[in-house]
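Structure first, then comments.
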Amino acid sequence: AVVIHRIELIEWNAPVASVCIDCSKGTYIRSIANDLGEQLGCGAFLSNLVRIRSGPFTLDDAWTLRELVELDLVQEWESVAVHPDAALEELDGLVLDDDSASEWGFGRPVGVTGDGGEWARVYDRNGMWLGIAHNDQLSGRWRPSKVVGEAA
């Protein structure tokens, strides 16, 4: 199921409408354009799409290709790169002790206290990102879904 939080008509220059849609992932904007055309009885199609937000990222976070070409990426890497777990910031984090981090590294479930959510980011005690865990409600353990780092 998709959720449409808001649809706003931004501009109307007949026959072109500019619309801003705030929606959940999985929404096909081309289908919404088609559906609007059907409801209006005139047909419609998508001629341009600009994604202004995806998860926690906005256009303000984006770099143009021209900007990247002009940068010395070796010198500027820290200002350009985003840590991979930044896309998961809405998930709670679990911090593993050394023994649990070792078990995690072998793909084994770990029994650590979490908030009871379904998914969590996982870190070792030094703050290294180790991956993503899925909460197995039946066993009370967190199962590795993605293992991306090694524990120290």
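The values are calculated or read from the model by the stated rules, or taken from the named source; none is laboratory data. Predicted, not measured: the structure shown is a model, and the values here were computed from it. In this analysis, Cβ positions are derived from the backbone assuming ideal geometry, glycine residues included, and neighbour counts consider all displayed protein chains. To get the accessible areas, we keep the full protein, side chains included, count just its heavy atoms, and leave off ligands, DNA and RNA. Shrake-Rupley method; radii C 1.70, N 1.55, O 1.52, S 1.80 Å.
One chain, two ends: SER139 and LEU91. Fully extended at 0.36 nm per residue, the span grows by 15.2 nm beyond their Cα-Cα distance.
Summarising the amide proton neighbourhood of ASP92: residues at separation of 5 or more, or on other chains, whose placed amide H is nearer than 5 Å comprise ARG121.
Largest GNM mean-square fluctuation across PRO109, PRO56, PRO15, computed for the chain with C-alpha springs under 10 Å, falls on PRO15. Ligands, DNA and RNA are left out, and with a 1.4 angstrom probe the accessible area of the chain is 75 Å² per residue.
Per-residue 3J(HN,Hα) values for the stretch 10-26, derived from phi via the Karplus relation 6.51 cos²θ - 1.76 cosθ + 1.60 with θ = phi - 60°, read 8, 8, 10, 10, 2, x, 9, 10, 9, 10, 10, 10, 9, 9, 7, 5, x Hz in sequence order (x marks Gly and Pro). For P(r) over Cα pairs in 5 Å bins from 0, in percent, the candidate list reads (1) 1, 8, 16, 18, 17, 15, 12, 7, 3, 1, 0; (2) 2, 8, 13, 13, 11, 10, 12, 11, 9, 6, 4, 2, 0, 0; (3) 2, 9, 19, 22, 20, 13, 8, 4, 2, 1, 0, 0; the entry that matches the value derived from this model is (2). Stretching CYS42 away from MET128 to a fully extended chain increases their span by 25.5 nm, per 0.36 nm per residue minus the current alpha-carbon distance.
How high is the relative contact order of the stretch 7-130, in percent, with contacts defined as C-alpha pairs under 8 Å that are six or more residues apart? The partial results should precede the final answer.
Values: 96 pairs, mean separation 17.6, N = 124.
Worked out over the stretch 7-130, it gives 14 percent.
Among the trypsin sites (Lys or Arg not before Pro) in the stretch 22-81, those located in a DSSP loop and surrounded by at most 12 other Cβ atoms within 10 Å of their own Cβ are LYS25, ARG51. Taking Cα atoms only, the orientation of helix 29-40 departs from the longest principal axis of the chain by about 30 degrees. Expressed as a whole percent, the accessible surface of the chain that belongs to carbon and sulfur atoms is 52, based on a 1.4 Å probe.
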